[in-house]
Amino acid sequence: MLRLILNRILGAIPTLFVIIGISFFMIRMAPGGPFDQERQLPEEIIANLNKVYHLDEPLYQQFGRYLWGILQGDFGPSFQYKDHTVSELIFQGFPVSLKIGGIAIVLAAIIGIFLGTIAALRQNTRVDYLIMGFSMTGITIPSFVMAPLLSLVIGVYLRLLPVGGWGDLKHMVLPIIALTLPQIAYIARLTRGSMIEVLRSNYIRTAKAKGLPERVILARHALRGALLPVVSYLGPATAGIITGSVVIEKIFGIPGIGRFFVLGALNRDYTLVMGVVVFYGIIIILFNLIVDILYGILDPKVRYE
Amino acid sequence: MSENMKTPILSVVDLKTTFLTNDGPVEAVHNVSFDIFESEVLGFVGESGAGKSQVFMSIMGILASNGRASGSALFKGEEILNLPLEKLNKIRGHHLSMIFQDPMTSLNPYLTISKQMSEVLVYHKGLSWSDAEKKSLEMLDCVKIPEAKMRLKSYPHELSGGMRQRVMIAMSLLCEPDILIADEPTTALDVTVQAQILDLMLELKKDFKTAIIMITHDLGVVAQICDRVHVMYGGRIVEKGDVNDIFYNPFHPYTQGLLNSTPRMDQNVQESLVAIPGNPPSLGQLSKGCSFQDRCDFCMPKCLEERPDLKITTSGGLAACHLI
Ligand SMILES: Nc1ncnc2c1ncn2[C@@H]1O[C@H](COP(=O)(O)OP(=O)(O)OP(=O)(O)O)[C@@H](O)[C@H]1O
Ligand SMILES: [Mg+2]
């Protein structure tokens, strides 16, 4: 186990290096720069700013400097939010995104697995069609349609909850629903499919022939195999959702990390964008590792490798 | 024979098994009736697709979801066909157990051998997990699994096919069932192991009066352990008889063909094996007449029109053929 974790961390270094490299040069290829504004600043000031932020150096030198900074845990200063470092901004936004994203994905997993299992057990009955109908709808409606609809109906017409803002529990409800629904839909579909396959398998037939009660067959024999695909989906999905949904955070006005990514990209805030990208990279690698560890626990065939 | 006076432990009457498919219904088992008595080994033979496995899947209540069974199966006088699960689960795995054809996929890959065996005893006999594990260990020794203690902690993928089949056999014997249904239990095993397993089954039959149903392609296995044999063709039983009658006095042309296509010890090496020409019938389209008509050397006009019923043959067995 420890070996696996160490291997993965070592293996992640080149991956991260590539991510950093590509995004570093790509953002700089985008037209414009961090100090372009409506009113053109005087030449000297821009030159001065460039000098302060080392933007006058050749690219490879900037890249080296940036890498050296990251090694020391320093993502540099933000070009836009002048009195904050990028690390400060990330650690200010991340807890917010983590909170609603984390709650959303846990809810989605529980409800999705439950619904998917029911649908599989009642395959081709009305219950199944109902769940799958809901699921197809949830998957096809994009979040930029779902979120405004939710805030319009529940927030504006019914006045049950605030349409946006941050601070109270009541501010979290709508964004969490908007984040959860499509995930429930996807997880339910995934669970149904793999559960149906498992229930058809020979080893479930054996379990039935042994005269075991249905709940034992489901819980002890079927669930594990059926959940493997769900676990591999949940890893990257969790990584994605806790790092903030740009759309949801924008629509509900949530001060999460997703917002910084958009703002950073629009403002050509090189260091901020880079910081968020590297942070995403680390989170995704981390969750893939967690998936691998879980797989090892769930599937005995994986344990030896 | 005196069989008629004993009461059978399992009595199947007019069992019919139909699968609904996209191409219409497929009748895999058609009006199958048979009895099995205590301490008896009853063989079911017939080529692939004849419906041998589905007969017993129907009885065990483990048909695929598109399958339906009708007719009757009386176990010790109690109807068990299509019994509600709660009641059926008191019987299957306990008094009636089955070894499956495919040892590679019939064990749960995510659970240890110990867990998969012990749960049978925990559930049916009310044993504690630790006692159940002890009993499982004894049973693994019985089927001659080397280092049985270690194997208990193994997962199926760590065992060879033969090993897994022996685990399946051990598992099916844990509750000392009244009837053991063995669906090609020895196909995955090499000859010496096969002989050991067959001996084991015979011992079991002696010790616990277990009735054994042996489903197989292998007429050698039939000759070694069966008392009676039922031959299946196209979803029907076409011949029933004592093992000696079937081997020395086969009546149905299909049974004769089956025997001629199998190598025999007492046969002259020069005599070549004869394959039965043609293919097994497709079960979807129900044709008129005998299902063996287009592969039969003795086909008569009547065979095209009328389906033959089982009738008593000169040797005292039963065969479904108009030649009688
Ligand atoms: N789920 C299903 N849907 C449709 N047809 C099926 C289904 N299961 C089995 N059958 C059909 O039932 C017939 C009998 O199958 P069965 O498994 O009993 O054959 P068998 O005699 O055991 O053959 P083998 O020796 O190969 O095991 C086959 O023709 C098969 O195609
Ligand atoms: Mg079979």
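Just tell me how shielded B:108-116 is by partners: mean number of partner chain Cβ atoms within 10 Å of each residue's Cβ, no decimals.
If you average over the peptide's residues, the count of other-chain Cβ atoms is 5.
Short version: ³J(HN,Hα) in whole Hz for each residue of region A:286-302, in order, from phi by Karplus 6.51 cos²θ - 1.76 cosθ + 1.60 (θ = phi - 60°), x for Gly and Pro, what are they?
4, 6, 5, 5, 4, 4, 4, 5, 4, 4, x, 6, 7, 10, x, 5, 7
Taking H as built 1.01 Å from N, whose amide H comes closer than 5 Å to the amide H of residue B:99, not counting residues under 5 places away?
The answer is B:181, B:182, B:183.
In what order, largest first, do A:280, A:66, B:254 sit by accessible area if the probe radius is 1.4 Å?
Most to least solvent-accessible, the answer reads A:280, A:66, B:254.
What FRET efficiency, computed as 1/(1 + (r/R0)^6) with R0 = 51 Å and r the Cβ-Cβ distance, is obtained for residue A:144 and residue B:128, rounded to the nearest 0.05?
Efficiency, rounded to the nearest 0.05: 0.30.
To the nearest 0.05, how large is the calculated FRET efficiency for residue A:136 and residue A:71 if R₀ is 56 Å and r is the Cβ-Cβ distance?
The pair residue A:136/residue A:71 has a calculated efficiency of 0.75.
Relative to the isolated chain, which residues of region A:210-233 have their accessible area cut by 10 Å² or more in the presence of all protein chains (1.4 Å probe, heavy atoms, no ligands or nucleic acids)?
A:210, A:211, A:212, A:213, A:214, A:220, A:221, A:224, A:225, A:228
In whole Hz and in residue order, list the ³J(HN,Hα) couplings for region B:130-146 that follow from phi through the Karplus curve 6.51 cos²θ - 1.76 cosθ + 1.60, θ = phi - 60°; x for Gly and Pro.
3J(HN,Hα) across region B:130-146, in whole Hz: 6, 5, 4, 5, 4, 5, 4, 4, 4, 5, 5, 4, 4, 8, 6, 8, x.
State, in angstrom, two size descriptors of chain A derived from its alpha carbons: Rg to one decimal place and Dmax to the nearest whole number.
Both quantities, over Cα of chain A: 23.7, 85 Å.
Could you go through region A:258-263 in sequence order and give the Karplus-derived ³J(HN,Hα) for each residue, using 6.51 cos²θ - 1.76 cosθ + 1.60 with θ = phi - 60°, rounded to whole Hz, and x for Gly and Pro?
Using θ = phi - 60°, the values come out as x, 4, 5, 5, 5, 4 Hz.
Using a 1.4 Å probe on the protein heavy atoms, what percent of the accessible area of the protein assembly as shown belongs to carbon and sulfur?
60
Within 10 Å of each Cβ in peptide A:21-27, how many partner chain Cβ atoms are there on average? Round it to a whole number, please.
Rounded to a whole number, the mean comes out at 0.
What number comes out for accessible area per residue over the protein assembly as shown if the probe is 1.4 Å? Units Å², please.
Value returned for the protein assembly as shown: 49 Å² of accessible area per residue.
Which order do the peptides B:170-183, B:116-129 take when ranked by the mean count of other beta-carbon atoms within 10 Å per residue, highest first?
Taking the mean over residues of other Cβ atoms within 10 Å, the ranking is B:170-183, B:116-129.
Please compute the average number of Cβ atoms from other chains found within 10 Å of each residue's Cβ in peptide A:198-204.
For peptide A:198-204, the averaged partner shielding equals 4.
Shape of region B:1-135 from its Cα gyration tensor (a ≥ b ≥ c, root eigenvalues): rounded if a/c is under 1.5, otherwise prolate when a/b > b/c, or oblate?
Here region B:1-135 falls in the oblate category.
Amide H neighbours of residue B:29 under 5 Å, at least 5 residues apart or on other chains, H built in the peptide plane: list them.
Under 5 Å from the amide H of residue B:29 lie the amide H atoms of B:17, each far enough along the sequence or on another chain.
Looking at region B:75-101, which residues lose a minimum of 10 Å² of accessible area between their chain alone and all protein chains in place, measuring with a 1.4 Å probe and not counting ligands or nucleic acids?
By number: B:85, B:89, B:92, B:93, B:100.
Using heavy-atom solvent-accessible surface (probe 1.4 Å) with all chains present, what is the largest-first order of A:9, A:105, A:154?
Largest accessible area first, the list is A:9, A:154, A:105.
To the nearest hundred square angstrom, how large is the accessible surface buried between A and B, total for both chains, probe 1.4 angstrom?
2300
Over the protein assembly as shown, one equal point on each Cα, no solvent: what is log10 I(q)/I(0) by the Debye formula at q = 0.07, 0.10 Å⁻¹?
Normalising to I(0) and taking log10 leaves -0.64, -0.95.
In region B:138-160, which residues become less accessible by 40 Å² or more once every protein chain is in place, relative to the chain on its own, using a 1.4 Å probe?
B:155, B:157
Reachable aspartates and glutamates from residue A:210, Cα under 12 Å, same-chain residues fewer than 8 places away excluded?
Here the aspartates and glutamates satisfying the reach criterion relative to residue A:210 are B:119.
Students often get this wrong, so check it: of B:16/B:205; B:52/B:288; A:301/B:205; B:90/B:311; A:208/B:115, which have C-alpha atoms separated by over 27 Å?
B:16/B:205; A:301/B:205; B:90/B:311
The values are calculated or read from the model by the stated rules, or taken from the named source; none is laboratory data. In this text the structure is predicted, and so the values were computed from the model without any measurement. Neighbour counts run over all protein chains shown; Cβ positions are idealised from the backbone, glycine included. The accessibility values were calculated without ligands, DNA or RNA, using every heavy atom of the protein model including side chains. Shrake-Rupley method; radii C 1.70, N 1.55, O 1.52, S 1.80 Å.
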